[in-house]
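Visitor: Have a look at this one.
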Amino acid sequence: MLVRMTCYSSFLLQVNDGYVKNLEILSKKLRFSQVDPMINASKSLKDIKPELERLLQKALSKVSDYLTEIFFSMRKPGTNIQILQQNLVQKYRYLILFLREHGSKVYTDVCAAYADTMNKVLSAHFQVYIEALEKSKLDIGVSSDLTGYDTSIIDLIPRGREHLRNHHFMFSLGERASILKEIDRPGLVPHISEVNPVKYPYEVIFRSLQKLLMDTASSEYLFIKAFFGEESLFYQVFEGPFEVIDKHLDHTLQYCHDAVCLMLMICITRKHQLVMLNRRLSCLDTYLDKAVIYLWPRFKTVFDMYLQSLYQCDAKILWVDGSHPHHIVRCYVELTAALIQLNAECGDGQLDMNLERLRVAVDNLLGRLAENFANPRTQHLFLLNNYDMTISVLKEAGDEANKLQRYFEEKLESNMVSFVDELLMEHFKDLIKFVRSRVSEDLILYTECPNIADVEPIVKNFAVTWKTALELMHNEVVTSCSNLLSGMAILRAAMAQLLNDYNRLSECVKIIPGGSTLNRNLVSITSISYEMRKYSITL
């Protein structure tokens with residue numbers, strides 16, 4: 001049988017299905033001659049061995065040249081590598097099996113040629129894709145946007161309100177959260193982006209880049225595993241692409257001061273880990289783990305810059321003469337709400353303490369801004385409006401913000417009580433001072449026994465001025481409160497307290513000697529209540 005091996009040399013001409021079948025026959029003969037002791041000792045093997053070796057070397061050379069030529073053809077621009085792999089290379093998988101079994105050095109060289117080719121091709125592919133995507137990047141946030149971070153730059157003062165109308169503003173989440181619902185959708189296509197030059201926040205570019213990486217890596221990993229049978233070759237192929245992406249991220253992240261973007265990138269990476277898990281592919285496990293580990297320190301650096309900016313900013317420079325919510329405070333409240341939402345989406349506990357630090361910093365800034373107002377009533381009104389705005393923003397963040405929302409609700413309630421007291425003192429000073437200092441809530445105890453001379457001017461003054469004072473109170477609350485519902489709550493609280501205080505005065509008049517002479521000057525509780533109801537309705 002062995003002496004007939006010379007006849008196979010005529011078939012080692014062209015790589016096709018017939019050639020592959022002849023290789024299988026040659027492999028069988030080689031294997032047979034190597035494992036059978038009797039054949040090894042036979043003279044016939046010695047006679048045919050040179051020819052057999054010649055056939056083997058010719059086959060190894062031809063298979064090596066054929067595969068190497070295909071691999072090099074993958075470098076041509078416009079080549080659809082996946083189709084080439086599936087329709088041609090994969091079809092002749094036996095070629096690589098033959099090399100592995102009968103020519104380990106040649107097999108190693110072929111693997112190296114493939115790894116080198118794909119490394120260069122994919123590295124160039126990712127480099128071109130990254131350069132194309134960068135043209136579509138919308139720059140959001142630089143260090144100068146962090147109020148107080150650099151005392152020579154306060155860019156948010158003139159631009160803050162404009163930014164609040166921009167959904168891509170660095171402190172808010174807005175429509176940017178939708179990217180987490182489209183995590184596995186196709187990425188951006190550069191040539192389409194050139195035709196329609198829309199700018200995107202960096203997290204959109206990051207997701208597109210990672211999407212391309214996942215799809216390319218999945219396809220390449222499955223091909224390498226099926227064709228070569230060696231997973232280690234995948235990491236040789238992707239050594240270059242990983243380096244290209246890492247270099248891009250190193251450059252981009254050092255200039256990124258957008259905490260929302262960084263947190264979105266962490267969430268995107270977390271979700272992409274789940275995508276790869278669902279694909280049952282582990283080829284990117286190490287890379288994606290490293291990406292998360294790499295993103296967190298940058299996020300914390302930027303987050304600390306945000307906190308530092310809050311503490312360093314000059315409240316007198318930021319102060320705006322008005323009691324409505326301050327745009328800087330709104331920025332940081334929206335940032336808090338955004339981070340709470342993203343923390344609920346894919347947090348791992350690392351953000352919890354930082355969110356508390358942010359809450360303290362925002363509260364501190366509010367207090368410092370309030371101190372710029374001349375009188376306590378305006379201070380409390382400023383805080384009321386800001387706390388109310390804060391609560392409204394946190395409600396949009398969902399149940400995860402409940403704890404923080406309750407904290408600001410308590411602050412709102414406390415300041416409402418103080419504001420109501422100041423408001424009543426402004427318009428009903430004599431009445432309030434008298435009942436608070438002379439009459440107990442239960443109308444039993446008195447600091448000193450009142451007489452007719454004490455209460456007469458108070459009763460008569462109230463009878464003349466109370467309607468005008470109610471109207472002034474109403475107008476002040478309506479014009480000063482940024483939220484009408486909160487204004488209604490404040491006005492009701494003020495009127496309820498006024499009603500209670502005047503009732504205490506009326507009861508006091510009834511029990512003091514000669515108090516009956518003032519009955520015609522006393523305003524009935526019913527009349528006051530009726531007038532108050534009118535203002536409640538108009539509000």
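Visitor: Each residue of the range 281-294 in order: what ³J(HN,Hα) in whole Hz does its phi give by Karplus 6.51 cos²θ - 1.76 cosθ + 1.60, θ = phi - 60°, with x for Gly and Pro?
Guide: Here the 3J(HN,Hα) series is 10, 9, 5, 10, 4, 5, 5, 5, 4, 5, 4, 5, 4, 6 Hz.
Visitor: Compute the Rg/Rh shape ratio of the range 347-401: radius of gyration over Kirkwood radius, all on alpha-carbon atoms.
Guide: My calculation of the ratio gives 1.09.
Visitor: What is the spin-label model distance, in nm, from ARG492 to ILE293 if the labels are put 7 Å beyond Cα along the C-beta direction?
Guide: 5.6
Visitor: Hey, quick one: spin label on SER232, modelled 7 Å out along Cα-Cβ, who in the range 87-128 has an amide N within reach, i.e. under 11 Å?
Guide: Under 11 Å, as judged by backbone N against the label point of SER232, lies no residue of the range 87-128.
Visitor: May I ask you to derive the FRET efficiency for ASP215 and SER104 from their Cβ-Cβ distance with R0 = 35 Å, giving the value to the nearest 0.05?
Guide: Working: r = 33 Å, r/R0 = 0.94.
Calculated value: 0.60.
Visitor: How large, in percent, is the carbon and sulfur part of the accessible surface of the range 418-538 at a probe radius of 1.4 Å?
Guide: Carbon and sulfur atoms account for 55 percent of the accessible area of the range 418-538.
Visitor: Just to check I understand the Karplus step: with θ = phi - 60° and J = 6.51 cos²θ - 1.76 cosθ + 1.60, what whole-Hz values come out for the range 215-223, glycine and proline as x?
Guide: 3J(HN,Hα) across the range 215-223, in whole Hz: 5, 5, 5, 4, 4, 5, 4, 5, 5.
Visitor: If amide H atoms are built 1.01 Å from N in the plane of the peptide, which residues on other chains or at least 5 residues away come under 5 Å of the amide H of TYR200?
Guide: LYS137, LEU138
Visitor: Name the residue from TYR221, LEU284, ALA337 whose Cα lies farthest towards the positive end of the charge dipole of the range 213-355, charges +1 on Cβ of Lys and Arg and -1 on Cβ of Asp and Glu.
Guide: Toward the positive end, the furthest listed residue is ALA337.
Visitor: Hey, any idea what Rg/Rh is for the range 418-538, computing Rh the Kirkwood way over Cα pairs?
Guide: That ratio is 0.99, to two decimals.
Visitor: I need two numbers for the range 178-310: Rg to one decimal and Dmax as a whole number, Cα atoms only, in Å.
Guide: 16.1, 58
Visitor: What net charge is computed for the residues neighbouring ILE391, neighbours being all others with C-beta under 15 Å from the C-beta of ILE391, Lys and Arg scored +1, Asp and Glu -1? Show your work: numbers first, answer last.
Guide: Working: positive: ARG330, ARG359, LYS395, LYS403, ARG406, LYS411; negative: GLU334, ASP363, ASP388, GLU396, ASP399, GLU400, GLU409, GLU410, GLU413.
Local charge sum for ILE391: -3.
Visitor: For ASP454 and THR517, compute 0.36 nm times the residue count separating them, minus their Cα-Cα distance, and round to one decimal in nm.
Guide: Length gained between ASP454 and THR517: 21.3 nm.
Visitor: Enumerate the aspartates and glutamates that LYS510 could reach by cross-link, defined here as Cα to Cα under 15 Å, with residues fewer than 8 away along the same chain left out.
Guide: Straight-distance partners of LYS510: ASP442, ASP454, GLU456, ASP501.
Visitor: With every protein chain kept in the model, how would you rank MET214, MET353 by accessible area, 1.4 Å probe, largest at the top?
Guide: Ranked list, largest accessible area first: MET353, MET214.
Visitor: Using packing as a proxy for protection, rank 232-238, 462-468 so that the peptide with the highest average count of other Cβ atoms within 10 Å comes first.
Guide: The peptides rank, most packed first, as 232-238, 462-468.
Visitor: Would you mind working out the magnitude of the charge dipole of the range 418-538 relative to its Cα centre, with +1 at each Lys and Arg C-beta and -1 at each Asp and Glu C-beta, to the nearest 20 Debye?
Guide: 320
Visitor: Further, regarding this structure: For ILE81, ILE266, give the ranking by accessible area with the largest first, probe 1.4 Å.
Guide: ILE81, ILE266
Visitor: Now a separate question. Could you pull out which residues in the range 271-295 have an amide N less than 19 Å from a spot 7 Å beyond the Cα of LYS225, following the Cα-Cβ vector?
Guide: Residues 272-289 fall inside that zone.
Visitor: List the pairs from LYS135/LYS247; LYS316/LYS429; LYS28/LYS58; LYS137/LYS247; LYS76/LYS225 whose alpha-carbon separation is above 20 Å, in the order I gave them.
Guide: Beyond 20 Å between Cα atoms: LYS316/LYS429; LYS76/LYS225.
Visitor: Based on Cα coordinates alone, diagonalise the gyration tensor for the range 281-371, multiply each eigenvalue by 5, take square roots, and list the semi-axes in whole Å, largest first.
Guide: In descending order the semi-axes read 34, 13, 10 Å.
The values are calculated or read from the model by the stated rules, or taken from the named source; none is laboratory data. Note that the coordinates shown come from a computational prediction; the quantities given were computed from them, not determined experimentally. Backbone-built Cβ (ideal geometry, glycine too); neighbour counts: all protein chains shown. Protein only, heavy atoms only, side chains kept; ligands, DNA and RNA dropped before computing areas. Shrake-Rupley method; radii C 1.70, N 1.55, O 1.52, S 1.80 Å.
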